Structure formats: structure tokens, C-alpha cells
1. Would you mind checking which residues have amide H under 5 Å from residue 146's amide H? H placed 1.01 Å from N; only 5 or more apart, or other chain.
2. Using only alpha carbon pairs under 8 Å that are at least six residues apart, calculate the relative contact order of the stretch 41-169 and give it in whole percent.
3. May I ask you to order 300-308, 66-74 by the average number of other C-beta atoms within 10 Å around their residues, highest value first?
4. Non-local amide H neighbours of residue 73 (under 5 Å, H modeled in plane, Pro and chain starts lacking H): which ones?
5. Mind listing the phi-derived Karplus ³J(HN,Hα) values for the stretch 375-381, rounded to whole Hz, using 6.51, -1.76 and 1.60 with θ = phi - 60°, and x for any glycine or proline?
6. Among 234, 153, 58, which one shows the biggest mean-square fluctuation in a GNM of the chain, springs joining Cα atoms closer than 10 Å?
7. Report, ordered by chain and residue number, the lysines lying within cross-link reach of residue 186, taken as a straight Cα distance under 23 Å and ignoring same-chain residues fewer than 8 apart.
8. Output the antiparallel fraction of DSSP beta bridges having both residues in the chain, as a percent to the nearest 5.
Amino acid sequence: MPPLSRRLFIGKMGLGACGSLFTGINIVDANVSKKSPQLIPTKKLNIALCGLGNYAGMLAEGLASSQYCRLAGIVTGHPEKARQWQKDYSIETNSIYNYENFDSIQHNPSIDLVYVVLPNGMHKEFVIRAAKAGKHVITEKPMATSVKDCLEMIEACNKYNVQLAVGYRLHFEPYHLEIKRLGQEKVFGQVRFIEGSLGYKTYDTNLPPDSKFNRFAPSEWRLCKSKSGGGPLMDLGIYCIQSSRYVLGEEPISVTAQFGTINNSVRFAEVEESISWQLRFPSGAIANGTTSYGFNIDRFFASADDGFFELSPGLSYGPFQGKTSKGDLVFPTINQQATQLDEIGKLILQNKPLPKHITGEEGIKDIRIIEAIYKSASTGKAIQIFQ
Ligand code: NAD
């Protein structure tokens, strides 16, 4: 077995020493920022958030501490929300749009990129409209609700010569960079088995409907198939699929899957409450995944020929905890959204192409796998994927 790397070893020594080992510049570690001089951008990338729900709020927080990006515009269907956001974030009146007049953003030189944070079923429309307006685009995950829609989005961004990224927040996260390295560099030998699971308990029928433990109102778009494309698999399971793919550095060749029990048939009339799957990879590795809106789970585990590595919590907003058969993994806790935005913003500002693993080409692979998982769960058959 190759020796554990310096990065893993230093990880055990504490936070202060390990920042300089990352290419990321946004690690939240006062010692690091004092020691390593950083490239200060002369211009920030001006971003308009399209859809001002919960996650847009987290992105706005990330933008507030971003070095390369700033919140410059908003797109919302609610005038009162527009007024509040304008006040909170000092947004210029001529950079505030609604869903009807959004296309006129093409005449606004103060916006460089549109970040689509709408329900999944609306990603395609707004990515294509943003591309037509000549703006770069980030769309939230899942990229869209079908492979066909993903293809149209990629085609539009190519046609209008703009960059398209998918808002995966873990590609720049230190623990995830490390498990990717441990897997792909076979630090513990060939990975044979992965388990990646992410789920949240979203309801408790013993509590009043307005209890904070009943996260979804009956009108929640996540429970409506035409708006979400599916249940927790689209929303949360995608991170389990992603991590198994980048830790192995391979694409799955086949999948089997099973829907879980529906414990609340009123809420889950259109989308699954839970689902489990098994991906088979060319190396022979198997990745089991489970996702649910009915119970809490948040972990990643990889068993390799000469050891194991795991994160638990490991796929949510963190903070993460990591362990290997050789000791703990310790990395700084970062603002996932600020880091993701900065890494994307930095490249776009320099007119450099985004790495393929965060573009639409990556997004479409996950949707292809998700479609195969649903097909297998519905038919009871193994489905071939990337052959
Ligand atoms: P949300 O329900 O909090 O916000 C959705 C927003 O869309 C609201 O502002 C709503 O007013 C607006 N909207 C416009 N038209 C709508 C319609 N027809 N129906 C419903 N809402 C409509 O949802 P959210 O949690 O902010 O999720 C938005 C997107 O962000 C989703 O694609 C989701 O998958 C993604 N997301 C990603 C992460 C991540 O980890 N990267 C985390 C949470 C959400």
C-alpha cells in the first residue's frame, strides 16, 4: 500500500498547517489567509440570483463573503421579496427582474452570470433564457428533470457561447477533495465497496402540520413530480451518486434499485418517499446508495483492499467528520457556497473554460444515472448505463 500522503498526515496535526496544501483559496482559516498572499481580483463577477427561496438565501450569504463574485441582481415573482432583498443587499433597481421581463437582462451590462435556483422543473427554461441573453449560467442541481432537457440546455449554452455550470457544492470542499484523492490514487488500494446515503425526516404526523418538524407544506414543489422530476433521489441522492463516481473515478455500467416503503401516502402520492440503489462499476466496485424524505441519514463510507475511509456527517452542509483505518481526517470547515462560487467565478473572470466535472456534461451524467435508477426500481430489472 502506498504511504498515507502528507495531506492526510498533516490533517491529523490540526487545521493551521493544512490550508496551503489546497488549491482552494477560501478556506476559512485565519492563519492561512495571513500567511498566503492571495490574488485580489480587480473586478468581481456580477451574479443575478434567479428564484429567491431558501437556497438562494444561503447563496446570498456565500456571495457576501466571496472574493470573486458579488450579488448584483435578482429575479423573483414576488415584488415584496424584491423590495426586501434590494434593501438587504443594496441591489440596483435596474438589476431587479421578474419572470416575465427577465429576458431584458440581455441589455444589462452589470450582470455577467445568472444563477438559477428555481424548482428543478424550471431549470431548463431559465438556463436557456439566460444563455440567449448572453449571460453565463450556473444552474442548481439536479441540472434538469430529464436527459433530453439537459441536452437542450448544453446545446443552448454552446450556441450562445456562454459557460454552464451545475451548482454542486462539494467539488471544492476539502473533505471531498480528500476522499476523491484517496479513492482515485488508491491510497488504501482498490475501492471495492461504497455506501453513500443522504436523507432527511421531513414530516411527523404526530405533530401539528405547521410544526417546524413538518418541513414541507402540502403545496411544496418537491412533492409535485412535474416541478421536481422526482423525490429525494433528485434532491439529495444526487450527492450520493456524485461522490461514488468521483471517489472511484469511473462511470457505472449498470444499476439495480428498489423504492422504499411509503409511510405517508398523502405526501408521497407523486414522488418516492425513499429509494435505494446499487451501482456496478467497471473495476467491479459496487456503490450502494439510499435517500429518503422519511428518515435522517448523512454518511459516506468506502472499503478498499487495504483499509477504509468515511465521512459522517459527510454529504450535507456539514460540518463533516472524517475517519480512515489509519486515523482521523481533519480539514477546515468552509463556507461551501462561497468556495464553490469563488472557484467558478475566478475562472470565468479569467475567461478560462470551467473544468468538465462541474459543467453540464457532468450534470447530464447524473441525470442519466437517475433515470436508470427510476427505471430499475419501476421494472425490477437491472438497467445498463454507460457501456
Ligand atoms: P424553495 O422552495 O425554497 O425556493 C424556490 C423558489 O422558486 C421560491 O423563491 C419560489 O417563489 C420560486 N418559484 C418560482 N416559481 C415557482 C413555482 N412555480 N413553484 C414553486 N416555486 C416557484 O427551494 P430551494 O430549496 O431554494 O431549492 C431551489 C433549487 O435549489 C432546487 O433546484 C434545489 O434542488 C436546489 N438546492 C440545492 C442545494 C444544494 O445543496 N446545492 C440545496 C438546496 C436546494
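1. Residues meeting the criterion, in which the H sits 1.01 Å from N, do not exist here.
2. 22
3. Numbers: 300-308: 18.7, 66-74: 22.8.
With the highest mean Cβ count within 10 Å placed first, the list reads 66-74, 300-308.
4. Distant-sequence amide H within range of residue 73: 47, 48, 49.
5. Working through the residues one at a time gives 5, 5, 5, 6, 9, x, 10 Hz.
6. Evaluated over the chain, the most mobile residue of the options is 58.
7. 12, 323, 326, 356
8. On the way: 35 of 62 bridges.
Within the chain, antiparallel bridges account for around 55 percent of the total.
Read the figures in this text as sums done on the coordinates, not as results from a lab. All values derive from a computational prediction rather than experimental measurement. Positions of Cβ are backbone-derived with ideal geometry, glycine not excepted, and every protein chain shown enters the neighbour counts.
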